[in-house]
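Novice: If you scroll down you'll find the structure; I have some questions about it.
No lab work stands behind these numbers, since they all come straight from the coordinates. Nothing here was measured: the structure is a model prediction, and the numbers come from that model. Using ideal geometry, Cβ is built from the backbone for each residue, glycine included, and neighbour counts are taken over all protein chains shown.
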Amino acid sequence: MFHTVITGILIVFTLPLAAAETINSPVGTGNSENNGDTGTALSINIGQPFGVDVGPNGAMYITVVENHRIIEYSPRTGKVRTVAGNGRKGLTGDGGLATDAALNEPYEVRFAANGDMFFVEMKNHLVRKVDARTKVISTIAGTGVQGYSGDGGSATNAMLNNPHSITLDDKGNLYIADIGNHRIRKVHLTSGMIHSIAGNTQRALPKDGQLAKGNSILGPRALFYRADTLWIALREGHSVWRLDLASGRLQHIAGTGTKGYSGDGGIPSKATFDGPKGIVVDKQGRIFVVDTENHAIRMIDLSKNEITTVAGNGDMGFTGDGGPATSATMDRPHGIGIDLRGRIYVGDTNNHVVRVFSAPE
């Protein structure tokens, strides 16, 4: 679909997804007010979409920050429905249906192998789970009170500070980007115990090759797990890192640590970012980073040792649907996910839509 906004009126034109690089907005109207829990994806408003992830059924799940809920989008039917959150800001509902619960700014959503849905609520300072079978919601980590405590004990008794991102490994562990504490926390889901695996009280960039545990990690904003590796985007650190979970050591991947927008076509470690807030890795091992304040999506190809922009032209705006992704404008995009067909979904946050495009071959 192609969206144009004229003096606050959204006009929608139907265009085919003609080329691999074409970008479109299949979810959202461009308006933010809560106008319903279910319907066609182009009629239901999504106020500030952030996290985007593919579920076990192939649908895409989107955290809607302003409307305090999580929605499911079916690319096959073009419809959306609410799967968590009653649309009201708050902290209620544990032990009941997820759709009856009050949430407070859900930022990111992930799925376990059994279909359980996990998501992080930044302003409630916790992580919650929706049981795949019963649809009952419960708290997995955090007390709901902002702070830093609890390492070595139960995750539900621990305090978090504005957690932003989560990811799950294939060993029954949940990882939390505890950004306000400049730490990465790990929860063993069977025992319920929590530990810090990266970060300390210092607000400083890590050093390439150092142990993550007990050493600084500046503003861990986005996490993605793949093959015993944690990929990390640092918001204040304007860079991308790799944590080898077996050795516990950090490797610098991209970004100098200085704010900017440069380096396309060159070595990733020499490039600059501005507040990256989303990260995902495709089946080819390419790393896609949401370069939020540059209104762009960058791709790191380690096999070529090269970084490029694959969506967004660096300007803030809402243009380009039906055309090349690199010619489009975005407005502070955040989350990113890849569907089962390899298409890339981005929460184009301040445009109140989700954009989709295909990665370069």
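Novice: Pairs of lysines 8 or more apart, or on different chains, with alpha carbons under 12 Å: count those in the chain, would you?
Specialist: For the chain, the number of qualifying lysine pairs is 4.
Novice: Counting Lys and Arg as +1 and Asp and Glu as -1, each charge on the Cβ, what is the dipole of the chain about the Cα centre in debye, to the nearest 20?
Specialist: About 600 debye.
Novice: Something else about it: Taking a cut-off of 18 Å, what percent of all Cα-Cα pairs in the stretch 124-177 are separated by more than that?
Specialist: 33 percent
Novice: So what J values fall out for the stretch 124-130 if you push phi through Karplus, 6.51 cos²θ - 1.76 cosθ + 1.60 with θ = phi - 60°, rounded to Hz, Gly and Pro as x?
Specialist: Along the stretch 124-130, the couplings run 9, 6, 7, 10, 10, 10, 10 Hz.
Novice: Return the distance in nm (one decimal) between the two label points of a simple spin-label model at Asp169 and Arg203, each offset 7 Å from Cα along Cα→Cβ.
Specialist: Those two pseudo-labels are separated by 3.0 nm.
Novice: Please give the peptides 200-208, 228-236 ranked by average Cβ packing (other Cβ atoms within 10 Å per residue), highest first, as a rough proxy for protection.
Specialist: Highest to lowest by the protection proxy: 228-236, 200-208.
Novice: What does a probe at Arg88 reach in the stretch 34-78, counting residues whose amide N is under 17 Å from the point 7 Å along Cα→Cβ?
Specialist: 34-37, 67-70
Novice: Provide the per-residue ³J(HN,Hα) series for the stretch 72-78, in order, calculated from phi with Karplus coefficients 6.51, -1.76, 1.60 and θ = phi - 60°, each as a whole number of Hz, with x at glycine and proline positions.
Specialist: 10, 10, 9, x, 6, 9, x
Novice: Moving on to the next point. When the Debye formula is applied to the Cα atoms of the stretch 103-243, each taken as the same point scatterer, what base-10 log of I(q)/I(0) results at q = 0.09, 0.20, 0.22 Å⁻¹?
Specialist: -0.23, -1.19, -1.43
Novice: Name the long-range amide H neighbours of Ala84: under 5 Å, sequence gap of 5 or more, or other chain; modelled H, no Pro or chain starts.
Specialist: Amide H to amide H, under 5 Å and 5 or more residues apart or across chains, Ala84 pairs with Ile70.
Novice: Please state the relative contact order of the chain as a whole percent: Cα pairs under 8 Å, 6+ residues apart? Don't skip to the answer; put the middle values down first.
Specialist: Values: 1160 pairs, mean separation 52.6, N = 361.
About 15 percent, as a whole number.
Novice: Evaluate the distance, in nm, between pseudo-label points positioned 7 Å from the Cα of Asp131 and of Ala102 along their respective Cα→Cβ axes.
Specialist: 2.4 nm
Novice: Placing unit charges on C-beta atoms (Lys and Arg positive, Asp and Glu negative, everything else neutral), compute the dipole magnitude of the stretch 41-116 about its Cα centre in debye, rounded to 20.
Specialist: Details: 7 positive and 8 negative charges, 56 e Å.
Dipole magnitude for the stretch 41-116 comes out near 260 debye.
Novice: Around Ile232, with a cut-off of 9 angstrom between Cβ atoms, what is the net charge of the other residues, counting Lys and Arg +1 and Asp and Glu -1? Let's see the in-between values first.
Specialist: Details: positive: Arg221, Arg242; negative: none.
Result for the local shell: +2.
Novice: Can you list residues from other chains, or at least 5 along the same chain, whose modelled amide H is less than 5 Å from the amide H of Arg221?
Specialist: Correct list: Ala233, Leu234, Arg235.
Novice: May I ask for the equivalent-ellipsoid semi-axes of the chain, computed as the square root of five times each C-alpha gyration tensor eigenvalue and listed largest first in whole Å?
Specialist: Numbers: eigenvalues 170, 137, 55 Å².
Ellipsoid half-lengths, sorted descending, are 29, 26, 17 Å.
Novice: Right, another one. Considering the chain as a Gaussian network with a 10 Å cut-off on Cα pairs, which listed residue, His334, His182, His252, attains the greatest mean-square fluctuation?
Specialist: Per the Cα network of the chain with a 10 Å cutoff, His252 tops the list.
Novice: For the stretch 300-331 and the stretch 186-252, what is the separation of their C-alpha centers, rounded to whole Å?
Specialist: 27 Å
Novice: Among Gly115, Asn313, Val356, whose Cα sits farthest toward the positive end of the charge dipole of the chain (+1 at Cβ of Lys/Arg, -1 at Cβ of Asp/Glu, about the Cα centre)?
Specialist: Going by the Cα projections, it comes out as Gly115.
Novice: Over the stretch 256-359, consider all pairs of different Cα atoms and compute the Kirkwood hydrodynamic radius from their mean reciprocal separation; express it in Å, one decimal.
Specialist: For the stretch 256-359, inverting the mean 1/r across all distinct Cα pairs yields 13.4 Å.
Novice: Sorted by average packing, counted as other Cβ atoms within 10 angstrom per residue and highest first, what order do 299-309, 338-348 take?
Specialist: In decreasing order of mean packing, 299-309, 338-348 become 338-348, 299-309.
Novice: Okay, next question. So what are the radius of gyration and Dmax for the Cα set of the stretch 24-92, in Å?
Specialist: Answer for the stretch 24-92, Rg first and Dmax second: 11.1, 36 Å.
Novice: Right, something else. Please give the contour-minus-distance gain from Arg226 to Arg81: 0.36 nm per residue of separation, less the Cα-Cα distance, rounded to one decimal in nm.
Specialist: 49.3 nm
Novice: If amide H atoms are built 1.01 Å from N in the plane of the peptide, which residues on other chains or at least 5 residues away come under 5 Å of the amide H of Gln210?
Specialist: Leu250
Novice: Further, regarding this structure: Identify, among His188, Thr292, Ile140, the residue whose Cα sits farthest towards the positive end of the charge dipole of the chain, taking +1 on the Cβ of Lys and Arg and -1 on the Cβ of Asp and Glu, with the dipole about the Cα centre.
Specialist: Comparing the listed Cα positions along the dipole, His188 ranks first.
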